[in-house]
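Take a look at the structure set out below.
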Amino acid sequence: SGRDIVRDASGREAAVVLDPTLLLTAEDWAALAAERTVRGEYILCYCISRSAPLEPYIRRLAEETGLPVLQLCGTRRKVHPKAKLIQDAGPAEFLRLFRDAAYVCTNSFHGTVFSVLFQRPFFTAVAPAELQEPERSRTFSLLSRLGLEDRVVGKGDSAGLRDRPRWPAAQERLDAARQGALAYLKAALADEPYQEAGETAGEGPLLADRTRCTGCSACAAVCPKDAISLVRD
């Protein structure tokens with residue numbers, strides 16, 4: 001949807017790339033995780049808004065697996081009567097909780113991201129407006145790109161409770177998308193044309209074309225770190 005906005009506003013084509021969190025691998029993130037403090041398996045719930053669409057899944061998972069529910073706050077209203085609230089997790093603890101979860105239920109985009117990165121069986125919920133217009137949802141955008149859109153609840157075609165995500169195919173698609181995003185960044189930094197996969201030569205947008213700089217010095221004037229200087233060439 002962001003690309004459509006750019007096209008409508010400027011007539012220019014923009015590349016769609018991964019969220020920056022997905023440019024690192026699961027191994028990269030795991031190296032930053034805290035030491036494990038939770039013993040045994042558990043269901044991790046991370047909800048940043050109303051959790052009602054996920055609560056039937058949480059309840060059934062708890063009943064069928066017998067696993068405890070850990071609720072990473074997020075919202076502080078309990079998503080399950082017996083949920084243990086975790087209110088003091090920092091980034092390292094956040095990573096560890098996702099890395100070691102047996103199941104994840106979330107309505108956070110980045111909760112979905114780390115479920116994908118660590119290949120945890122997960123269900124995710126989106127806002128009602130996103131269910132109506134999935135093309136404007138970054139969660140749908142990511143999961144449809146990876147072939148995991150059946151992990152979204154409330155659509156009528158969601159995966160079964162104990163169905164395993166199709167991780168090998170999803171990982172292959174994620175690796176390809178990551179390489180494309182990194183190629184975009186390298187092209188932007190090197191002032192070179194970027195060509196998306198499937199485009200013919202010359203169709204990609206030209207990034208950071210220095211010949212279009214007028215030397216107005218606005219960038220230097222507003223830089224809060226005084227990191228830009230202009231020199232005649």
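Looking only at segment 88-102, which residues are in contact with a Lys or Arg (Cβ under 7 Å, 6 or more places away or on another chain) and outside any helix (DSSP H, G or I)?
Of everything in segment 88-102, just one residue is in contact with a Lys or Arg (Cβ under 7 Å, 6 or more places away or on another chain) and outside any helix (DSSP H, G or I), namely Ala101.
Do you know which residues across segment 11-50 are polar (S, T, N, Q) and either modelled with pLDDT under 95 or closer than 17 Å to Thr139 by Cβ (or both)?
Thr21, Thr37, Ser49, listed by residue number.
Against the definition (in contact with an Asp or Glu (Cβ under 9 Å, 6 or more places away or on another chain), farther than 19 Å from Leu143 by Cβ and of a type in the set (Ser, Thr, Tyr)), how does Thr75 come out, yes or no?
No.
Any residue that is assigned to a helix (DSSP H, G or I), open to solvent by 60 Å² or more (accessible area, probe 1.4 Å), of a type outside the set (Gly, Ala, Ser) and touching a helix residue (DSSP H, G or I) at 6+ places or on another chain (Cβ under 6 Å) - is there at least one of those in segment 116-124?
Checked against the condition, which is being assigned to a helix (DSSP H, G or I), open to solvent by 60 Å² or more (accessible area, probe 1.4 Å), of a type outside the set (Gly, Ala, Ser) and touching a helix residue (DSSP H, G or I) at 6+ places or on another chain (Cβ under 6 Å), segment 116-124 yields no hits at all.
If you take the residues in segment 212-233 that are modelled with pLDDT of 80 or more and either among the basic types (Lys, Arg) or in contact with a Gly (Cβ under 8 Å, 6 or more places away or on another chain) (or both), which one is surrounded by the most Cβ atoms within 10 Å (Cβ to Cβ)?
Among residues in segment 212-233 that are modelled with pLDDT of 80 or more and either among the basic types (Lys, Arg) or in contact with a Gly (Cβ under 8 Å, 6 or more places away or on another chain) (or both), the one surrounded by the most Cβ atoms within 10 Å (Cβ to Cβ) is Leu230.
Looking at segment 75-94 only, could you name the residues that are out of contact with any Leu (no Cβ under 8 Å at 6 or more places or on another chain) and surrounded by 12 or more Cβ atoms within 10 Å (Cβ to Cβ)?
The answer is Thr75, Arg77, His80, Leu85, Glu93.
Specify which of the listed residues (Ser141, Ser108, Ser115) is in contact (Cβ under 8 Å) with a residue 60 or more places away in the chain and either on the phi > 0 side of the Ramachandran plot or touching a strand residue (DSSP E or B) at 6+ places or on another chain (Cβ under 8 Å) (or both).
Result: Ser108 is the single residue among Ser141, Ser108, Ser115 that is in contact (Cβ under 8 Å) with a residue 60 or more places away in the chain and either on the phi > 0 side of the Ramachandran plot or touching a strand residue (DSSP E or B) at 6+ places or on another chain (Cβ under 8 Å) (or both).
Could you list, in sequence order, the residues of segment 15-58 that are open to solvent by less than 30 Å² (accessible area, probe 1.4 Å), among the aliphatic types (A, V, I, L, M) and part of a loop (DSSP other than H, G, I, E, B)?
Hits for segment 15-58 are Ala15, Leu18, Ala33, Ala34.
Which residues, taken from segment 59-74, are farther than 15 Å from Asp100 by Cβ and assigned to a loop (DSSP other than H, G, I, E, B)?
Correct list: Gly66, Gly74.
The values are calculated or read from the model by the stated rules, or taken from the named source; none is laboratory data. Keep in mind that this is a model prediction, so the values were computed, not measured. Counting neighbours? That spans all protein chains shown, and the Cβs are built from the backbone with ideal geometry, glycine included. Areas reflect the complete protein model, heavy atoms only, side chains present, ligands, DNA and RNA absent. Shrake-Rupley method; radii C 1.70, N 1.55, O 1.52, S 1.80 Å.
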